[in-house]
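Trainee: The structure under discussion is supplied below as structure tokens; questions concerning it will follow.
The values are calculated or read from the model by the stated rules, or taken from the named source; none is laboratory data. Note that the coordinates shown come from a computational prediction; the quantities given were computed from them, not determined experimentally. Ideal geometry is used to build each Cβ from the backbone, glycine not excepted, and the neighbour counts take in all protein chains shown. The area values use the complete protein model at the heavy-atom level, side chains included, leaving out ligands, DNA and RNA. Shrake-Rupley method; radii C 1.70, N 1.55, O 1.52, S 1.80 Å.
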Amino acid sequence: AAPDALPALLADADGIVHATPTGMAAHPGLPFPAALLHPALWVAEVVYRPLETELVRTARALGCAVLDGGGMAVFQAVDAFRLFTGREPDAGRMLDHFAALTLPGGALRPSGATSGTG
């Protein structure tokens with residue numbers, strides 16, 4: 001859709017998946033005006049550096065359900081590990097380790113992900 005159609009599209013949307021470089025460390029800012037966000041939206045961010053993008057911060061402050069780009073980074077690593085080694089990685093363990101490294105107190109993992117045992 002054309003950028004001028006975005007206000008009407010977001011007014012009727014349930015959620016947003018943001019997958020542009022906007023919000024990355026070298027490209028700060030929002031991908032669209034903050035006024036287009038509303039609490040009924042869920043927002044999934046693909047940017048993982050930084051995890052707390054302006055979009056994530058703004059959407060969370062407005063009451064949107066938010067998923068930062070950490071899961072995308074981890075599952076990209078899961079697939080790469082599988083391709084490079086031919087071994088099945090423990091995605092739950094990788095999510096737990098990522099959370100321990102990046103967020104105070106750990107992070108909630110996507111539903112269905114389980115923690116590894118070792």
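Trainee: Can you tell me which condition GLU45 does not meet? The list is (1) among the acidic types (Asp, Glu); (2) closer than 26 Å to ALA1 by Cα; (3) open to solvent by 40 Å² or more (accessible area, probe 1.4 Å), and all the others hold.
Mentor: Among (1) among the acidic types (Asp, Glu); (2) closer than 26 Å to ALA1 by Cα; (3) open to solvent by 40 Å² or more (accessible area, probe 1.4 Å), GLU45 violates only (3).
Trainee: Sort through GLY29, GLY15 and tell me the only one that's surrounded by fewer than 17 Cβ atoms within 10 Å (Cβ to Cβ), in contact (Cβ under 8 Å) with a residue 12 or more places away in the chain and in contact with a Ser or Thr (Cβ under 8 Å, 6 or more places away or on another chain).
Mentor: Numbers: GLY15 fails: in contact with a Ser or Thr (Cβ under 8 Å, 6 or more places away or on another chain).
That would be GLY29, the only listed residue that is surrounded by fewer than 17 Cβ atoms within 10 Å (Cβ to Cβ), in contact (Cβ under 8 Å) with a residue 12 or more places away in the chain and in contact with a Ser or Thr (Cβ under 8 Å, 6 or more places away or on another chain).
Trainee: Go through the range 63-105 and report how many residues are loosely packed, with under 13 Cβ neighbours inside 10 Å, in contact with a helix residue (DSSP H, G or I) (Cβ under 7 Å, 6 or more places away or on another chain) and either part of a helix (DSSP H, G or I) or at pLDDT below 95 (or both).
Mentor: 0
Trainee: I would also like to ask the following. Looking at this structure, is ALA35 open to solvent by 50 Å² or more (accessible area, probe 1.4 Å), at pLDDT 95 or above and of a type in the set (Gly, Ala, Ser)? Before you say what the answer is, go through the steps one by one.
Mentor: Working: open to solvent by 50 Å² or more (accessible area, probe 1.4 Å): yes; at pLDDT 95 or above: yes; of a type in the set (Gly, Ala, Ser): yes.
When the stated conditions are applied, ALA35 passes them.
Trainee: Also, quick follow-up: Between LEU6, LEU10, LEU36, LEU41, which is touching a Cys at 6+ places or on another chain (Cβ under 6 Å), more than 28 Å from ARG93 (Cα to Cα) and touching a residue at least 12 places away in the same chain (Cβ under 8 Å)? Walk me through how you get there before you give the answer.
Mentor: On the way: LEU6 fails: touching a Cys at 6+ places or on another chain (Cβ under 6 Å); LEU10 fails: touching a Cys at 6+ places or on another chain (Cβ under 6 Å); LEU36 fails: touching a Cys at 6+ places or on another chain (Cβ under 6 Å).
None of the others qualify; the one that does is LEU41.
Trainee: Across the range 34-70, what is the number of residues that are closer than 18 Å to ALA99 by Cα and under 10 Å from the mean Cα position of the chain (by Cα)?
Mentor: So the count comes out to 14.
Trainee: With respect to the numbered conditions (1) in a helix (DSSP H, G or I); (2) buried (at least 16 other Cβ atoms within 10 Å of the Cβ), which one is the sole condition not fulfilled by ALA5?
Mentor: Only one criterion is unmet by ALA5, namely (2).
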